[in-house]
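Everything on this sheet refers to the single structure shown next.
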Amino acid sequence: MAKTGTTTQGLRAAIERSGYYPALVAEAVEAAVGGEPVASYLVHQETTFDSNEVRRHVTVLVLTENRFIVSHTDEQAADTSSPTPYATTSTESVKLERISSVVVSRVVANPEKYVPGTLPREVVLTIGWGAVSRIDLEPAACGDSNCEADHGYTGSSTADDLSLRVSEAGDGPDAVRQTLAFAQALSEATAATAATGR
């Protein structure tokens, strides 16, 4: 389930409609947003299956004039650290000029028949701002298949701070549309910030 919009009241209503610890999630998000007007938001609840457990979590993305705010809340079963089930919620506030990439991956069925404007069957939104980087390394080699020299390593570093997957089958077409709308708003905001040098 994903909900998007452009008002603080709409954000609160979307969090409440998600039904996932709305008082806890709303308080954390509203504290992070402060008094800034909300330009766009996305509320995405996801259920995952972990061994014999069903686990739910919610991600709330908020765009203001100057910041991108991400909040994530998930629940945990009772364990050795807590005799009762508990939830953990965290928020991070990122200045728009720190966002280095907004990647939108679209999966479309029958690409040879694609018509512009057709909704993708799946969207993955990946946002990077430098807090988390993934490094993929592999041994370097030269073109000589008989060479036994050590050529060191080669690889790449990828900013991978947040990745959110939404599918038409699992979340519904509105969730896919809303994710694309939020991604576009965020892309436009980061482009405007880069152009003005704020």
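The values are calculated or read from the model by the stated rules, or taken from the named source; none is laboratory data. Since this is a predicted model, take the numbers as computed values, not measurements. In this analysis, Cβ positions are derived from the backbone assuming ideal geometry, glycine residues included, and neighbour counts consider all displayed protein chains. Side chains included, ligands, DNA and RNA excluded: accessible areas come from the protein's heavy atoms. Shrake-Rupley method; radii C 1.70, N 1.55, O 1.52, S 1.80 Å.
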- The number of residues in region 31-49 that are surrounded by fewer than 15 Cβ atoms within 10 Å (Cβ to Cβ) and either among the basic types (Lys, Arg) or assigned to a helix (DSSP H, G or I) (or both) is 1
- In region 8-23, the residues that are part of a helix (DSSP H, G or I) and either exposed (fewer than 15 other Cβ atoms within 10 Å of the Cβ) or not β-branched (Val, Ile, Thr) (or both): Gln9, Gly10, Leu11, Arg12, Ala13, Ala14, Glu16, Arg17, Ser18, Pro22, Ala23
- Query: For region 50-80, which residues satisfy the criterion of being assigned to a strand (DSSP E or B) and in contact (Cβ under 8 Å) with a residue 60 or more places away in the chain?
  - Reply: Thr59, Leu61, Leu63, Phe68, Val70
- Counted residues in region 81-123 being free of Cβ contacts under 8 Å to residues at least 12 places away in the same chain, open to solvent by 60 Å² or more (accessible area, probe 1.4 Å) and either aliphatic (A, V, I, L, M) or assigned to a strand (DSSP E or B) (or both) come to 2
- Message: I'd like the full set of residues that are in contact with a helix residue (DSSP H, G or I) (Cβ under 7 Å, 6 or more places away or on another chain) and at pLDDT 80 or above, limited to region 128-153.
- Response: Trp129
